[in-house]
Amino acid sequence: MRIGQGFDVHAFGEGDAVVLGGVRIPHERGLVAHSDGDVLVHALCDALLGATGLGDIGRHFPDTDPVFADVNSMDLLAQVVSMIRAEGLAVVNVDLTVVAQAPRLAPHVPEMCERLGAALNLPSKLVNVKATTSEGLGFTGRGEGIAAFAVVLLGPLEEPAASDH
Ligand code: MG
C-alpha cells in the first residue's frame, strides 16, 4: 500500500465558470490558471504522484511549457493514471475536499465523483468528494480563491486473468 496527499489553490479572476473535478460550474468568476484551473484535479494528481514517488504535477507538466496552456486537467489526470499503472500500482480509493465559499458545490459532487471515477478506473463510491466553506475565514472565506486537499491510497495493480478464448 502507498499513501499520498496533495494540496492546491487557485485565485479567482475573470470568467463565468469554474472547473472542478472535470465539471464546469457556472459562476460569476473563474479561476486564474495556466490550465483550466481545476484545483481539485491538480490536488488529486499531486497526491497520486506523491504516493507513486514521482514528485509533483509541476515536474511533469510545467506551467512554463506552452504545451500545457489551457490544458484540460482531466487529460493530465489520465497521464498520471498511466504513470501509476506503469509502476505496477492501482488506485484503491481517493478522498478529496474542496474549500470554497462560492459557488455552491454540493449539487455537482455526484458528477465529479462519476467523472473522476471514470478517469481513475474506480467505482464512484471509492471517489469521495467533500465540499466545505471556511466559515468566511481566510482567503477562501473572503472569496479570493478555492483550495483543494486530496488523500489517496494505492495498491498493487492486478492484471485481469487472461481469457481462455
Ligand atoms: Mg494548480
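None of the figures in this text is laboratory data; all of them are computed from the coordinates on show. Computed from a prediction, not measured in an experiment: that's the story for all the values here. Every residue, glycine as well, gets a Cβ built from its backbone with ideal geometry; the counts of neighbours run over all protein chains shown.
Just a few scattered comments:
- Length added when fully stretched, residue 70-residue 153, from 0.36 nm per residue minus Cα-Cα: 27.0 nm
- The range 65-120-the range 1-52 distance, computed between alpha-carbon centres (Å): 8 Å
- Proximal charge balance of residue 29 [Cβ under 12 Å; K/R count +1, D/E count -1]: -4
- Full extension of the chain between residue 63 and residue 7 gives 18.5 nm of extra length, using 0.36 nm per residue less the Cα-Cα distance.
- With θ taken as phi - 60° and the Karplus curve 6.51 cos²θ - 1.76 cosθ + 1.60 applied, the whole-hertz 3J(HN,Hα) list for the range 60-66 is 8, 10, x, 6, 8, 8, x Hz, x standing for glycine and proline.
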